[in-house]
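So the structure is just underneath, and the comments pick up after that.
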Amino acid sequence: MSCATVDFTDLDSLAKTRLPNAVRLEHQGLYVESEMSSEDRFEGIIGKSRALQSVLEQVSIVAATDSTVLLHGETGTGKELIAQAIHNLSSRRGRTFVRMNCAAIPSGLLESELFGHEKGAFTGALMQRKGRFELADGGSLFLDEIGDISLELQPKLLRAIQEQEFERLGSSKTIHVNVRLIAATHRDLPTMIRKQEFREDLFYRFNVFPIEIPPLRERREDILPLVNHFVSKFAQRMGKEIRFISQNAMDVLTNAPWRGNVRELGNFMERCVILTQGNELTVPRLEVTDYAGRTVVSVASSFREAERRVIIDALSDASGRIAGKGGAAERLGLKRTTLQNKMRRLSISPSDYSADQYTNRMVGPQATS
């Protein structure tokens, strides 16, 4: 990321100058990035919010044991990263870490994937194959989306966890293993138990040490370092130099609910980097306007007003320019004609994004001094 080209020794003087929001955010982003390796990272996990730190404290405690861990959290919260961290901090870190998403494998093949099969065990079994339990012997096995395991397979899985033994499909030979199990789900297992969709005894085997992973909307202070990380990652991959992000864009990113959590944020930031042509990150804010409009009542009481506010902000950031490099259309990821049509529909006039209003949007007391 090109922010590294700015001299850190000049940051104090830089902060004292009369800077627009975008440059001030660059200073903040540089600070976060420079400290990220020591303060914001934990086994590849980025963030230092209280909610996340509570999770990481539990990870540090349980990693030293061989106890089964159940990770619960919404899709995209980073359950696999947490599972990998538990393995990396354990005494098994030198052995294999095997992962499997139970929801991604057809139920008819799941037993073979878990326990393996012998040649000829079923149609298409052309050779002997080891399952995930056997491959993870001596190491850790991460089973994601355990709520999707069929009731028919759950008794055999319970035995494998409890006794650390199983038989491959098509074989009567018992195989003994030493596997540390980490499981994860976004589903409500107690409710599934009441509906007889999940075995209660299997749940208790999984639920030895439960860890609840908070959604991104409950740790918003982690969004800035995450944005910094993703922009740096994708900009380097695409050979781009991105140094700035406006305060308005950052406000939209920070206040969106991110229902897909860190995964959704990462995918969106990749799109932003693709759209960016210059030094300032292009954030197609209308794509998250609906989120921001519902989340930040003070910004907009309706989608129409939220859309109007985002366009006015972009015009203010662009000093009133609609088209061209750095213009409002480019900042919003829209064609010039599309933006002009939206301005007419939303009754946006030059008085809404005047030079005086743009000046008032400068950051800090220095902006008016």
Measure up Lys233/Lys335; Lys240/Lys325; Lys119/Lys173 against 20 Å on the Cα-Cα distance and list the ones that go over. Lys233/Lys335
At 7 Å along the Cα-to-beta-carbon direction for both Leu153 and Thr254, put a label point, then send me their distance in nm to one decimal. 4.4
Region 180-228 accessible area per residue, 1.4 Å probe, protein heavy atoms, integer Å², reads 47
With every protein chain in place, region 95-187: carbon and sulfur % of accessible area (1.4 Å): 48
Tell me the Rg and the Dmax, in Å, that the Cα atoms of region 161-241 produce. 20.9, 60
Averaged per residue, what accessible area in Å² does region 60-127 show with a 1.4 Å probe, protein chains only? 48
Over every pair of different alpha-carbon atoms in region 209-261, take the mean of 1/r and invert it; report that Kirkwood radius in Å. 12.6
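The values are calculated or read from the model by the stated rules, or taken from the named source; none is laboratory data. Quick caveat, the model's predicted, so the values are computed rather than measured. Cβ coordinates were reconstructed from backbone atoms using ideal geometry, including for glycine residues, and neighbour counts include every protein chain displayed. Heavy atoms of the whole protein, side chains included, go into the accessibility calculation; ligands, DNA and RNA do not. Shrake-Rupley method; radii C 1.70, N 1.55, O 1.52, S 1.80 Å.
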